[in-house]
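J.: Take a look at the following structure, please.
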Amino acid sequence: MSEEPDSVLLCSVNTAAVPRHELLCIFGTGDLGRSLGQRLLQCGYKVVYGSRRPGSCGSLPAGTQALSHEAAAQHAHLIFICVQREHYDFMEPLAPQLKGKVLVDVSNNLKKNMYTDANAEYLQRLIPGAHVVKAFNTLSAWALQNGPADANRQVYLCGNNAEAKQAVAEIATKMGFSVLDRGSLSAARELEDFPLQLFPGWRLPIRLTIGLTASFFFYLLLRDVLYSYIAQQKDMSFRIMVSLANKVFPIVSLILLSLCYLPGIIAAFLQLYRGTKYKRFPDWLDRWMLCRKQLGLLALAFASLHVLYTLIISFRYYVRFRLAAHTISQIRENKTSPFDTTMAWRTDTYYSMGIIGFGFYLLLGISSLPSVSNALSWREFSFIQSKLGYITLFFCTFHTYLYGWDRFLYPSTYKWFTPPGYMLSLVVPTVVLLLKLLLLLPCVDRSLTRIRQGWERTDPEEESMKSLLR
């Protein structure tokens, strides 16, 4: 992931910058302009629109009016520019009326490097007497309509005039958003690129998921289909669509879930080894920890597919045929299989662990939604994502062990001397759970807690050097 410049949260803002009932102007009557106007009205501001055709600009929020650009600009000190860059030329003749005013550029481009400079920088050159601030471009019309409770809470802004940025920051704060100042107007290019990024935090998790899915699919295809065809002369290719897929989905899901918690354990052991929390983690570990949420959501998606595929097993022709054949065979032989209590316990426990694990899976996924996580305190969110996360991993791992049961004892399990897929899927989660148990030991947990509270282990050589200097 590319490094982003540090952001500054604007907490202390001059509340006198823009009086609550001052008239604000919006150039543009499209979806974004109308949604922005509606939100500003709800926050107590008065709004006027500037339009090329004031008499035929469509339905506007109640309580607003549409004027010509020149008339609207005369009434307001702060103007939101909700039009595309190619239409900025109409503002050049208005330069005298816009002098000294704050122009908030909310535009975005269709693709990166579409122009040699940022839209906000171009607007500043076009109207040199105005104070241009780049802001609100990372919010959609939907986010403005629904507010920060169900959408992104952050508003990035940049500009060359501190007072102009404070005025915009106050408006964004009263609308319920948190404001992040990215510095001067030269950062506008970066802000305009934000909405054009296509799942930047999902690239590594998606590549990993595709790699795991493809690897296990071909591995199981080799064991379950090709082996039957070559060694047993049986055509089992029909198992690819359901049986094979229903093996791949839980395997990938369990590995992805364990990979959500493995970087935290590695980080804990690094802190124990270094004796401090103030040294940076390696870049690969930082990137890994930043994509844990995406890994968890992908794991939940694969677990959900596993549940759906499991529900249709009883409807499959192959399963119904096997059950009917077994029943007819017992009738012909005039015998009945004895009830196996151990098998009953095993299968019931197996299904129970799977259902409970999937229930916790859903809880983890729901709590990661912004609308839910924003309503949780940090302690509540940490409890769900950490402690319940490990409990989920335990149940899902136990579910897989029950699936395998004693199959590892039989040579027929190892087709072409290869272990079954479920055995491979248990390696990473088992390691994660064992290492977590090691970290929970009182002596280890006590040291780790002290380090995370700021304690640092003293280097013996450094301590002896200090004593000599005394």
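J.: Of the residues that make up segment 290-308, is at least one more than 21 Å from Gly389 (Cα to Cα) and at pLDDT 95 or above? Even if it seems obvious, please write down each step before you answer.
T.: Step one: of segment 290-308, the residues more than 21 Å from Gly389 (Cα to Cα) are 308.
Retained after the next criterion (residues that are at pLDDT 95 or above): 308.
Yes - at least one qualifying residue is present in segment 290-308.
J.: Restricting to segment 320-373, what's the tally of residues that are farther than 30 Å from Ser253 by Cα and open to solvent by less than 60 Å² (accessible area, probe 1.4 Å)?
T.: The qualifying residues number 4.
J.: Also: Can you name the residue in segment 34-72 that is farther than 23 Å from Ser140 by Cα and charged (D, E, K, R) and is also least open to solvent (accessible area, probe 1.4 Å) among such residues? Step through it out loud before you land on a result.
T.: Of the residues in segment 34-72, the ones farther than 23 Å from Ser140 by Cα are 52-56, 67-72.
From the residues that got through so far, the ones that are charged (D, E, K, R) too are 52-53, 70.
Values: Arg52: 174, Arg53: 136, Glu70: 84 Å².
Among them, the one singled out is Glu70.
J.: Separate question: Return the only residue of Thr400, Thr449, Thr458 being modelled with pLDDT of 95 or more and either open to solvent by less than 70 Å² (accessible area, probe 1.4 Å) or farther than 21 Å from Leu262 by Cα (or both).
T.: Details: Thr449 fails: modelled with pLDDT of 95 or more; Thr458 fails: modelled with pLDDT of 95 or more.
From the options Thr400, Thr449, Thr458, the qualifying one is Thr400.
J.: Also, quick follow-up: Please enumerate the residues belonging to segment 54-97 that are in a helix (DSSP H, G or I) and either touching a residue at least 40 places away in the same chain (Cβ under 8 Å) or of a type in the set (Val, Ile, Thr) (or both).
T.: Our first condition is that a residue be in a helix (DSSP H, G or I); within segment 54-97, this holds for 54-56, 69-75, 85-97.
Answer for segment 54-97, where residues must be in a helix (DSSP H, G or I) and either touching a residue at least 40 places away in the same chain (Cβ under 8 Å) or of a type in the set (Val, Ile, Thr) (or both): His69, Ala72, Ala73, His75, Met91.
J.: Could you tell me whether Phe360 is within 19 Å of the chain's Cα centre (by Cα), modelled with pLDDT of 90 or more and within 16 Å of Ala303 (Cβ to Cβ)?
T.: Answer is yes for this residue.
J.: So, one more: How do the helices (runs of 4 or more DSSP H) wholly within segment 192-282 filter down when requiring 3 or more residues that are on the phi < 0 side of the Ramachandran plot and open to solvent by 70 Å² or more (accessible area, probe 1.4 Å): which remain? Quick ask: steps written out before the conclusion?
T.: Numbers: elements: 203-220, 227-231, 243-274.
So the answer is 203-220.
J.: Just checking, how many residues over segment 169-185 are touching a Gly at 6+ places or on another chain (Cβ under 8 Å), assigned to a helix (DSSP H, G or I) and among the hydrophobic types (A, V, I, L, M, F, W, C)?
T.: Adding up the residues that qualify gives 1.
The values are calculated or read from the model by the stated rules, or taken from the named source; none is laboratory data. The structure presented is a predicted model; accordingly, all values stated were derived computationally and were not measured. Using ideal geometry, Cβ is built from the backbone for each residue, glycine included, and neighbour counts are taken over all protein chains shown. Only protein heavy atoms, including side chains, enter the accessible area calculation; ligands, DNA and RNA are left aside. Shrake-Rupley method; radii C 1.70, N 1.55, O 1.52, S 1.80 Å.
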